[in-house]
1. For the chain, give me the percentage of DSSP beta bridges that are antiparallel, rounded to the nearest 5 percent.
2. Any idea how far the Cα center of the stretch 490-504 sits from the one of the stretch 621-663, in Å?
3. Under unit Cβ charges (Lys, Arg +1; Asp, Glu -1), what dipole magnitude, rounded to 20 debye, does the stretch 642-778 have relative to its Cα centre?
4. Arg609: accessible area at probe 1.4 Å, nearest 10 Å²?
5. Output ³J(HN,Hα) for the stretch 320-337: one whole-Hz value per residue in order, computed from phi by the Karplus curve 6.51 cos²θ - 1.76 cosθ + 1.60 with θ = phi - 60°, and x for Gly and Pro.
6. Per residue, how much accessible area does the stretch 672-778 have with a 1.4 Å probe, in Å²?
7. How much accessible surface area, in Å² rounded to 10, belongs to the heavy atoms of Phe717 with a 1.4 Å probe?
8. Got a sec? What order do Leu166, Leu186 fall in by accessible area at 1.4 Å, biggest, i.e. largest, first?
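The values are calculated or read from the model by the stated rules, or taken from the named source; none is laboratory data. As the structure is a prediction and not an experimental result, all values here were calculated from the model. Every residue, glycine as well, gets a Cβ built from its backbone with ideal geometry; the counts of neighbours run over all protein chains shown. Side chains included, ligands, DNA and RNA excluded: accessible areas come from the protein's heavy atoms. Shrake-Rupley method; radii C 1.70, N 1.55, O 1.52, S 1.80 Å.
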Amino acid sequence: MLIAAAALLTAWLGLRASLPTLDGRASLPGLKYPLSITRDAAGVPTISGQDRTDLARGLGYVHGQDRYFQMDLLRRAAAGELSALLGPGLIDVDRQLRVHRFREVAKQAVSKLDAQNRALIDAYVEGVNAGLASLNGRPFEYWVLRSRPKPWSAEDVVLCVHAMYLQLQDAEGHLQLQRGLLRATLPEALWQFLESDAPEWDAAIDGSHGIEPRVPLASEVDLRALKDLPVLPPEQVLEHLNLVGSNNWAVAGSRTNNGGAIVANDMHLGLRVPNIWYRARLVQTGADTALDETGVTLPGTPSIVAGSNGSVAWGFTNSYGEFAAVIRLVPTPDGSDGYLTALGPRHFDYVDEPIEVSGAPTQHLRIAQTPWGPVVGNDWEGHPYVLNWTAHDPDATNMRLLELEQAHTVDEALGVAARAGIPGQNMLVADKSGHIGWTIAGRLPRRFGTAGSLPQLSTDAEVGLAGWLPEADQPRIVDPPGGLLWSANARVIGGPGADLIGDDGLDRGARAAQIHADLLGASPPFTPLSSLGVQLDDRALFLERWRALMIQVIEHEHAAGSHEHDAAHEVLLHWSGHADPADAAYRLVNLFRSQVQARAFYMLIAPARQRAVEFHFEIPSSFEGPLWRLMQQRPAHLVASYYADWDAFLREALRAGEKLPAPCEKLASCTWGRVNAVRVAHPLARALPMLAGFLDMPTVTVPGAHDDMPRIQGPDFGASERFSVSPGHEREGYFHMPGGQSGHPLSPFYRAGFDAWAKASPTPFLPGPPAHVLTLAP
């Protein structure tokens, strides 16, 4: 017992040793002037000093103190170096990631930085390493892993941005490959049908609409004539949900109570402990160039990602534009190690990448390179293909987002956005004079080849990406007549601007349409707090017609004398119209639609599935348009012979949707909250489940769903932050984050803010009064 107590005490003291010092005085080499770091009761720092590089050094210091392990995972994920820390179980992941050679790209990107940004990054890096060194013990995760943290570097800053490219864009070109495969194997009319949109849900700012689906004629496609095809969807399809999210909007000063414009933002991402973002306020005083900037930072990088600088406020949603081209390599006739191009045959260039593995020998990855980029896989014919991705270009990650902090107007901010090297985002901006604007933040590439995100061949005359679009050609909208701008991962504009952005997985516009309607319906004048009601809108408007269809199917069965579905019918009568955790009807309707969608999509693409047995197909968001036309018209020639008719198809989908998941015993008590509880977990908790209660956030049930409503919420996916702010009136704004500032489980800031996020209780956008004061001296 004494030995066990001594071991626990030693572990406890070791854990406490890695808590940062929050008060007093300390030295920070490299500072030009003394630097103040105050933290409020939630641990949010305000970093104040006279020099901008000192602020960068201070931000690095608090990141190194509070979030080093998170930063380490980000850089290792981007570089494909996870095995060196986490062991052999991550080798396959590293092999998949290392093919992009982002560490080499990061080195080149750093070498191209201008002197001012390089100075800021160098100061930040030195601050990170000083913050880590200030701890009396290494962060606890390294004790668990029996490892020691490696110092931070300038290239690691760029790698953290690359980690966001990997999270926000298609790193394998999968969607383009799928489109190419379907084009090659399906009748033209069927392919065009699947490529159409859901125009009834469109909510583009310019009022444009997508392509109305045309149901193929029996003379063009007859699924009943095709026998022995794979019709049913794979079992794992319903378990894998393609969650997308992020909402933002801007409200012009003409609609507010003080003439200042407003921005609201809730970026939806995977949820884990600690949260991806870290709050901070940077204040530069006593200088010609004053600065007072508040918002969220990405630990590992030195800038405010989204927030307000007192003159302009900004936020992002992922654009899902085309930032890569898939190039299928045509093999040489003699079968040699190469491929054909328009200028003749070429040989691969090979690069050897050593992959260090903790507790195991180093492995090697041989990467085939082409002038367009690396070979990332094989197409449906077994031939290698290349991903020509902007992220592989050092100029795509240039750190110029830092310039936003000195923007004073919407026009200045939009200019910075067009030059900034970040993953392409819908950026909405508001300024204190009441103006609002939208653009794509992140440089847009020129693209060769046909429209529609189809793969190209290496023998085409013009292949891949063709440099960058000039800044002046970047699409933008400023001060629209209605005084409102919004985006939610769907198409924002039509026409030539939409062609410049492209479509690499755009969401349908149902969520954007609901947001727009909420904004129009808000009681005037609009205030930052008005945004919270929009962000929390969990009305299931998108599923209303699916509920009606489900009732129709049940009543048709009832009229035929079947009472098999009476329990489901009773549940549907108590539909709340919301993604409410207590609503059993929402879960039932949501699952019914998912069953219908999966069965219809995989039935229609059966010839492609037969051609490419191993290919992993994904259902595009736009399929809702073709799917609903099928439900309305129910053409006999578009239901496979596996089903007697569409009625039989819908009955099977209904029965599958009524099957109860493991935690449920009855339909009436199987509520949405039973299957959609939110579990925000620490990365180590899965490997060490005995620590889950100590490391994870509390399990909660909150409204919202993974479907088409503003409040996107899945078990481990949702709003990674929520805020609304009017520049110059920051004290009227609010902020939420699903976790605390610190990554240390003994810190009082570890869980601070999670409860307010879960309950959607407004908390101030600005840090509160100082609870801790640390002065750093040169």
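1. Approximately 85 percent, going by the DSSP bridge assignments.
2. Computed from Cα coordinates, the inter-centre distance equals 31 Å.
3. Dipole about the Cα centre, nearest 20: 380 debye.
4. 30
5. Each residue's phi maps through the Karplus curve to give 6, x, 8, 10, 8, 10, 8, 10, 7, 7, 7, x, 6, x, 8, x, 6, 7 Hz.
6. Here the per-residue accessible area is 36 Å².
7. Its heavy atoms expose roughly 30 Å² to the probe.
8. So the residues, ranked largest to smallest area, are Leu166, Leu186.
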